[in-house]
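Contents: one structure, followed by commentary.
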There are 2 protein chains.
Amino acid sequence: MAEGMDKADLLDLHMLVEHVGPLRAGDHVFREGDAFEAIAAVRSGTVKTYTVDRDGHEHVLGFYFPGEVIGLDGIHGDRYPCNAVALDTVMLCRFSFPKISVLATQLPGLQKHLFRLLSRDIGRAALLAGDWTADQRMAAFLVGLSRRLAARGFSPNRFQLTMARTDIANYLRLAPETVSRVLRRFQQDRLLLVDRREVELLDRAQLDALAEPLLRD
Amino acid sequence: MAEGMDKADLLDLHMLVEHVGPLRAGDHVFREGDAFEAIAAVRSGTVKTYTVDRDGHEHVLGFYFPGEVIGLDGIHGDRYPCNAVALDTVMLCRFSFPKISVLATQLPGLQKHLFRLLSRDIGRAALLAGDWTADQRMAAFLVGLSRRLAARGFSPNRFQLTMARTDIANYLRLAPETVSRVLRRFQQDRLLLVDRREVELLDRAQLDALAEPLLRD
DNA sequence: CGTCGGGTTGACCTTCGTCAAAGGCAGTGG
DNA sequence: CCACTGCCTTTGACGAAGGTCAACCCGACG
């Protein structure tokens with residue numbers, strides 16, 4: 001959902017970086033209502049962000065992989081508006097936000113970069129809005145993961161679903177059973193192979209075609 | 001969807017206002033791609049904004065009543081990102097955006113006001129996102145209309161649906177037939193009376209209860 | 001070996017979209 | 001004044017998609 005910092009920016013910033021981790025699965029990076037003082041780039045592992053509504057139901061907002069940035073949605077307040085939790089072993093870099101925003105006023109490239117990161121995160125909402133079918137949502141989710149992982153140097157066709165089925169379902173606003181059934185049917189139709197949390201995309205063209213109406217815009 | 005300008009702001013601005021109208025039903029205020037040079041406050045009548053996707057399908061974005069402001073979503077580009085069309089006889093005031101934005105740098109209240117208008121418009125998306133039932137969407141639509149009209153001095157319980165059923169359906173992402181059926185059922189259940197485009201809300205408590213999960217946030 | 005949490009599967013049912021047809025109001029022209 | 005026509009709306013019948021419920025499976029771990 002978020003585009004990472006490139007090498008040049010990391011060089012500019014390496015003096016105000018604080019390395020954090022390793023966090024274990026279930027550890028929180030920050031919680032809703034915590035004072036907003038830093039954003040963080042994932043170095044390894046997967047982070048899930050979510051909120052809990054007043055009925056106690058969890059709402060998964062997004063998943064973040066190495067190179068991606070979490071905490072940006074705290075910018076417009078002094079508190080984080082959501083929780084961030086490690087799904088596996090996670091390493092990250094914290095950037096003090098006061099320091100980075102001062103720096104952004106001096107580095108025009110950095111400010112532009114931050115705005116891009118923000119708007120990228122907003123576009124994520126396209127997955128949720130609209131009345132897409134379960135197949136389209138699932139395909140868009142997988143294609144989106146694949147592209148993001150590929151952009152980070154991972155294999156675009158074989159990867160791990162580090163999040164639970166219930167998290168995927170919650171994120172896509174589907175029932176967990178539906179996620180299970182769609183994956184099974186995709187496998188029957190030779191679109192992919194899935195074994196536990198391991199996925200291999202086979203028919204990329206067809207998955208792209210399914211995902212296209214969600215990912216364009 | 002947008003909060004209007006209050007009296008004090010109108011006084012501040014009355015020198016750079018251009019009165020437009022009357023427009024007849026079907027006349028366009030602006031079209032997608034037109035150069036963005038002004039925002040406009042509706043003085044009377046109803047305006048619908050919409051886009052047309054590359055498959056030729058219309059997507060209704062919102063409805064605007066007297067006191068509400070259209071064109072704000074053009075701020076981040078030099079072109080309007082959508083069409084705005086009059087649904088009935090419409091009068092409006094155009095505010096040159098270059099002039100207003102210069103003024104905003106001098107009047108702190110105005111700048112804050114513009115930001116509030118913007119964020120209010122963004123919150124509208126809650127109606128579309130989420131997997132709400134047809135009943136919830138319809139109730140939220142009616143309660144939302146009622147509140148906005150009441151804030152402008154109109155009756156909160158009796159009002160005209162100035163837009164076609166197909167527009168309501170498109171906006172709520174429902175089939176027109178579903179809109180028709182939900183309204184009929186609401187009437188059977190004594191939640192409201194509806195005759196053609198005239199609506200009277202009867203059981204406000206129950207409608208509020210239906211709409212509540214959509215309108216809170 | 002038992003238990004526990006996540007995942008899968010099947011049966012069922014609700015909701016809503018689609019299709020087709022008919023009703024009603026408005027504007028037009030005879 | 002009255003057909004005629006076109007558009008919006010309603011209504012009914014039907015079907016597909018996906019949620020719910022319940023049971024079962026299976027790998028992990030004590």
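At-a-glance table
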| quantity | calculated |
| --- | --- |
| Identity of the residue in region B:154-189, among the small types (Gly, Ala, Ser) and more than 16 Å from the chain's Cα centre (by Cα), that ends up modelled with the lowest pLDDT | B:Ser155 |
| Test set (1) surrounded by 14 or more Cβ atoms within 10 Å (Cβ to Cβ); (2) at pLDDT 95 or above; (3) farther than 20 Å from A:Val85 by Cα - A:Ala126 fails condition number | (2) |
| Of all residues in region B:193-211 being charged (D, E, K, R) and either part of a loop (DSSP other than H, G, I, E, B) or not assigned by TED's automatic domain parsing to the domain that holds B:Val182 (or both), the one that is surrounded by the most Cβ atoms within 10 Å (Cβ to Cβ) | B:Asp203 |
| Scan of region A:156-177 for residues that are buried (at least 17 other Cβ atoms within 10 Å of the Cβ) and of a type in the set (Ser, Thr, Tyr), ordered by number | A:Thr162, A:Tyr171 |
| In region B:190-203, residue nearest to DNA strand D (Cβ to nearest atom) [restricted to those that are over 21 Å from the mean Cα position of the chain (by Cα) and more than 28 Å from B:Glu58 (Cβ to Cβ)] | B:Leu193 |
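A quick yes/no check of all residues on (1) more than 18 Å from B:Leu215 (Cβ to Cβ); (2) within 9 Å of DNA strand D (Cβ to nearest atom); (3) within 14 Å of chain A (Cβ to nearest Cβ); (4) polar (S, T, N, Q):
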site	(1), (2), (3), (4)
B:Arg147	no, no, no, no
B:Ala150	no, no, no, no
B:Arg158	yes, no, no, no
B:Thr162	yes, no, no, yes
B:Thr166	yes, yes, no, yes
B:Pro176	yes, yes, no, no
B:Arg181	yes, yes, no, no
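The values are calculated or read from the model by the stated rules, or taken from the named source; none is laboratory data. Keep in mind the model is a prediction, meaning the values are calculated, not measured. Because the Cβ atoms are built from the backbone with ideal geometry, glycine has one as well, and the counts that use them run over all protein chains shown.
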